[in-house]
Amino acid sequence: MHWTFVAMALLGQTEPGDGMCEAEPLQPTRLLRRLSLDLTNRIPTPAEAEAALQGVTPGMIDELLASEGFLEVMRAHHADLVWPNLDTVELVPESHMLYPNRFADGTVVYYSAVRSLLVRQVGETTLYSPCRNEPASYDADGNLVLEEVRMGDEVVAYTEGWVEVEPYWAPGTRIKVCALDALDAPVGRVCPGPRERYPFADSQCRGIRAFERFLEEPFEGSTISCNSAFAFLSPDCGCGPNLRNCATREVVRDIASQMLEQQLRIIDRVIRDGEPYERILTSNAIEWNGPVVHYLRNHAPLVLDVYQGEEADWSLPNLDYTDREWVSAPRTGRHAGILTSPGFLLRFATDRMRAHRYYNAFECSAFTPTGPLPSPFEPCSQNEDLTERCGCDSCHLTLEPLASHWGRFIENGFGELTEERFPTTADAAGCIPPIESAERLYRCLREYELQPTEQREPYRGLLNAYVFEDPADYGFIEGGPALRVEEATASGIVQRCLAERMWTEFMGREPTDAERSTVFPELLDAFERSGRDVKALVRAIVERDAYRRLP
Amino acid sequence: MKPSISNMLRFGLGAVLALAVGTACGSSDAGNGTGEPADMGPNERPDGGGGGIDGGTSGGPDGGPEPFATKSARRMSVEQIERSLDVVGGFPPGSVQIPESLALTLGEPDHRSITERSFEPSPLFMKFMVDLGGFVCTEILRADVDRPLEERVLLLEGEQDERLRSIWFRFTGITGSAADPYIERLARVEEDASAASSEPGAGAMAVCLAAITSPEFLLY
């Protein structure tokens with residue numbers, strides 16, 4: 001079959017400007033079809049089409065704009081702007097991922113492959129050994145019985161049996177989990193040694209030992225919470241009660257999708273309630289459900305780079321993982337709609353990425369390099385301040401101040417760097433040795449300029465957001481992304497960008513210069529008069545004659 | 001009822017081409033690919049209406065002329081195809097679901113490596129629509145057998161012209177004299193398919209395929 005011919009015959013013929021007729025008005029039923037597809041993603045039912053035989057009334061358009069279908073259209077439009085996808089983000093550390101191991105008799109036992117290395121392996125051979133297919137046994141003192149695994153004469157691992165646990169993701173059911181992975185102690189000793197028993201963990205512990213002189217107390221052998229970032233280095237710490245700190249692939253997928261749903265629900269709310277459009281980008285209101293709350297409480301603290309910040313900053317409601325209902329709980333601090341939602345901050349890991357996406361999506365602006373980069377050996381190319389580095393300066397003069405609006409949000413994670421926990425200077429933050437814990441030391445090294453190069457020396461001890469920052473722009477850091485959105489709204493940038501995007505969405509093409517100068521003032525006037533309700537802007541577009549004629 | 005898909009596809013494609021070819025502007029016996037009769041003047045409407053919001057204004061909201069380009073024709077998105085086929089087939093919302101991996105191939109973004117939505121009417125898209133049409137039309141015919149007459153989509157009773165107009169209106173929203181050239185061709189499709197196959201519903205299947213794969217259904 002000549003598909004190319006078929007496709008051309010079907011579709012190529014209707015390309016605008018390809019011999020088409022002069023624009024004619026659409027039949028009312030065809031107009032309703034166009035409106036229904038554009039505003040609700042579906043064609044009208046026969047009954048709806050019959051009702052339009054005599055004409056499309058304003059009430060019909062109102063109904064379409066008030067429908068769930070319109071929210072779906074707006075949600076898809078905005079998804080194309082903020083690119084919701086967390087496939088490449090490690091939400092749960094590999095040490096806390098549970099995988100099913102199916103034995104020959106069909107028994108499925110969940111185990112952590114990384115903990116096999118950390119707590120079972122004793123030889124030098126990498127051995128992802130699960131536990132044995134039998135119930136775990138305990139000695140007279142209540143200690144878990146481990147049995148040697150030998151390769152020839154050499155002991156390469158110690159393995160245990162399984163225990164049955166009721167997982168948080170499926171209450172009322174029980175699954176078999178390797179006993180060492182199912183441990184539920186609240187605290188544990190980190191890097192307890194000896195090296196011969198935990199050779200794999202020891203190599204990790206040695207890396208931290210190098211920084212021990214900066215700590216108040218020795219890291220090795222100290223007691224830590226099993227709900228913290230270094231828990232993987234404690235053989236005492238397993239998955240916690242009901243496996244709360246661990247996850248399967250399915251659970252991680254569920255959490256990721258709910259985190260993205262949380263972001264899109266901000267858009268739903270603003271559009272459904274007719275709130276001013278910019279509230280999508282400035283509102284503190286957010287909704288939570290069980291999977292997202294569970295993640296913030298039980299998984300995020302395990303990943304150093306995700307770091308959830310203080311739980312109080314998020315005002316998390318008390319929900320179990322299986323609570324699917326969304327509960328409203330406004331955030332405190334400098335949160336700004338979707339721009340500081342966990343999904344957005346994780347999707348765009350750095351301040352520059354966040355600023356860039358916002359700039360493209362909501363200000364309809366792009367960074368265009370002025371030319372090729374000069375030789376890297378030129379002195380100007382050595383400048384660490386990108387606003388002064390040759391070839392980079394044209395974009396970064398705009399990007400750096402814009403990115404500073406996200407300066408008080410952690411990179412690679414989604415916590416706010418509040419003034420209380422992260423003051424502007426390292427000494428005020430308690431980042432001058434000795435430091436209280438290894439985790440705090442990590443945060444100090446990540447967030448403050450503690451080991452500056454020569455060019456960065458003037459910024460020694462400052463929070464990273466202030467490095468190379470013009471003091472006149474410090475307000476951007478303090479104001480957060482919402483400040484930028486408010487300024488862009490006050491100058492009409494956000495509204496013009498939205499009008500441009502809505503026009504392109506519903507007209508299927510970009511506006512002409514003539515339309516920008518004559519039609520857009522009318523559209524923007526209707527939008528402003530409605531209190532910046534998106535539905536009013538869309539209505540103004542689909543009521544244009546240009547929308548109602550044949551291509 | 002088990003209509004032979006290959007036979008149906010053959011007649012369906014014949015019908016597709018019959019509906020598509022010869023739609024040049026000004027032709028007196030064919031539409032122009034978007035469902036409007038080509039022999040109407042620029043300011044004429046089948047219902048004789050004029051300006052105002054109730055269908056085909058003659059100017060901007062203020063009633064004055066609007067000397068600008070019109071909306072561009074676009075093919076339906078994957079989401080629109082899914083939801084619209086639910087409506088066409090009289091199925092509950094969410095019944096037609098295109099697998100995610102296929103949706104990606106058909107232009108939906110994954111927001112990871114592909115961030116732009118594509119509406120390209122590619123040969124792959126058309127092949128997909130013919131295959132999907134075969135599946136959906138079969139399901140509609142199956143469902144029609146158990147439906148009361150007034151809820152049926154394809155297995156209608158009555159004169160051929162009346163039946164075909166009802167089906168065409170359901171799929172495309174085109175009615176009245178604007179539908180005439182299409183009905184004439186659909187009639188030929190139905191007759192040819194019925195004559196070539198002894199299977200019951202063969203004519204209805206071919207009409208359904210022709211409608212689903214027509215530009216009047218897929219473009220708007």
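A compact table of results
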read-out: Selection status of B:Glu116, surrounded by fewer than 14 Cβ atoms within 10 Å (Cβ to Cβ), in contact with an Asp or Glu (Cβ under 9 Å, 6 or more places away or on another chain) and closer than 16 Å to A:Pro46 by Cβ; value: no
read-out: Qualifying residue in segment B:92-105 (condition: among the β-branched types (Val, Ile, Thr), part of a helix (DSSP H, G or I) and buried (at least 18 other Cβ atoms within 10 Å of the Cβ)); value: no
read-out: Sole residue being within 14 Å of another protein chain (Cβ to nearest Cβ) and under 31 Å from the mean Cα position of the chain (by Cα), chosen from A:Glu510, A:Glu469, A:Glu478; value: A:Glu510
read-out: Residue list for segment A:430-444, filter: surrounded by 16 or more Cβ atoms within 10 Å (Cβ to Cβ) and out of contact with any helix residue (DSSP H, G or I) (no Cβ under 7 Å at 6 or more places or on another chain); value: A:Ser437, A:Glu439, A:Arg440, A:Tyr442, A:Arg443, A:Cys444
read-out: Hits in segment A:133-158 - residues which are crowded, with 16+ Cβ neighbours inside 10 Å and among the aromatic types (Phe, Trp, Tyr); value: A:Tyr158
read-out: Residue that is more than 30 Å from A:Leu417 (Cβ to Cβ), crowded, with 21+ Cβ neighbours inside 10 Å, at pLDDT below 95 and among the basic types (Lys, Arg), where the choices are A:Arg532, A:Arg549; value: A:Arg549
read-out: A:Glu363, sole failed condition from (1) charged (D, E, K, R); (2) over 18 Å from A:Ile477 (Cα atoms); (3) more than 26 Å from the chain's Cα centre (by Cα); value: (3)
read-out: Test for A:Glu124: is it modelled with pLDDT under 95 and among the acidic types (Asp, Glu); value: yes
read-out: Subset tally (residues that are of a type in the set (A, V, I, L, M, F, W, C) and over 17 Å from B:Thr213 (Cα atoms)) for segment B:142-174; value: 5
read-out: Tally of residues being of a type in the set (Asp, Glu) and either farther than 22 Å from A:Glu63 by Cα or touching a Lys or Arg at 6+ places or on another chain (Cβ under 8 Å) (or both) across segment A:499-551; value: 6
read-out: Which numbered condition A:Phe520 fails, given (1) free of Cβ contacts under 8 Å to residues at least 12 places away in the same chain; (2) within 13 Å of another protein chain (Cβ to nearest Cβ); (3) of a type outside the set (Asp, Glu); value: (1)
read-out: Criterion (under 30 Å from A:Trp169 (Cα atoms), surrounded by 13 or more Cβ atoms within 10 Å (Cβ to Cβ), modelled with pLDDT under 95 and of a type in the set (D, E, K, R)) met by exactly one of A:Arg331, A:Arg347, A:Arg389; value: A:Arg331
read-out: Which numbered condition B:Thr138 misses (of (1) of a type in the set (Val, Ile, Thr); (2) surrounded by fewer than 22 Cβ atoms within 10 Å (Cβ to Cβ); (3) under 15 Å from the mean Cα position of the chain (by Cα)); value: (3)
read-out: Of all residues in segment A:535-545 being facing chain B (nearest Cβ under 7 Å) and surrounded by 21 or more Cβ atoms within 10 Å (Cβ to Cβ), the one that is nearest to A:Leu71 (Cα to Cα); value: A:Arg544
read-out: Helices (runs of 4 or more DSSP H) (entirely within segment A:1-100) containing at least 3 residues that are modelled with pLDDT of 95 or more and at the interface with another protein chain (Cβ under 8 Å from one of its Cβ atoms); value: A:28-40, A:68-82
read-out: Test: residue in segment A:172-187 that is within 14 Å of chain B (Cβ to nearest Cβ) and of a type in the set (D, E, K, R); value: no
read-out: Selection from segment A:184-203 of residues that are farther than 21 Å from A:Asn245 by Cα and out of contact with any Asp or Glu (no Cβ under 8 Å at 6 or more places or on another chain); value: A:Pro194, A:Glu196, A:Arg197, A:Tyr198, A:Phe200, A:Asp202, A:Ser203
read-out: Helices (runs of 4 or more DSSP H) contained entirely in segment A:247-319, each with at least 2 residues that are in contact (Cβ under 8 Å) with a residue 24 or more places away in the chain and buried (at least 22 other Cβ atoms within 10 Å of the Cβ); value: A:249-272, A:279-282, A:290-294
read-out: Of the criteria (1) closer than 21 Å to A:Arg33 by Cβ; (2) surrounded by fewer than 14 Cβ atoms within 10 Å (Cβ to Cβ), which one B:Glu159 fails; value: (1)
read-out: Only listed residue being touching a residue at least 24 places away in the same chain (Cβ under 8 Å), on the phi > 0 side of the Ramachandran plot and not polar (S, T, N, Q), chosen from A:Gly407, A:Gly480; value: A:Gly480
read-out: Flag for B:Pro109 being out of contact with any Cys (no Cβ under 7 Å at 6 or more places or on another chain), within 14 Å of chain A (Cβ to nearest Cβ) and modelled with pLDDT under 95; value: no
read-out: Residues (within 31 Å of the chain's Cα centre (by Cα) and in a loop (DSSP other than H, G, I, E, B)) located in segment A:212-226; value: A:Cys226
read-out: Members of segment A:380-406 that are part of a helix (DSSP H, G or I) and out of contact with any helix residue (DSSP H, G or I) (no Cβ under 7 Å at 6 or more places or on another chain); value: A:Cys380, A:Ser381, A:Gln382, A:Asp393, A:Ser394, A:Cys395, A:His396, A:Leu397, A:Thr398, A:Glu400
read-out: Failed item, numbered, when A:Pro130 is tested on (1) modelled with pLDDT of 95 or more; (2) buried (at least 18 other Cβ atoms within 10 Å of the Cβ); value: (1)
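Conditions (1) in contact with a helix residue (DSSP H, G or I) (Cβ under 8 Å, 6 or more places away or on another chain); (2) surrounded by fewer than 17 Cβ atoms within 10 Å (Cβ to Cβ), marked per residue:
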position	(1), (2)
A:Leu463	yes, no
A:Phe468	yes, no
A:Ala482	yes, no
A:Glu486	yes, yes
A:Thr489	yes, no
A:Arg496	yes, no
A:Thr504	no, yes
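The values are calculated or read from the model by the stated rules, or taken from the named source; none is laboratory data. The structure presented is a predicted model; accordingly, all values stated were derived computationally and were not measured. FYI the Cβ positions are ideal-geometry reconstructions off the backbone, even for glycines, and counts take in every protein chain you see.
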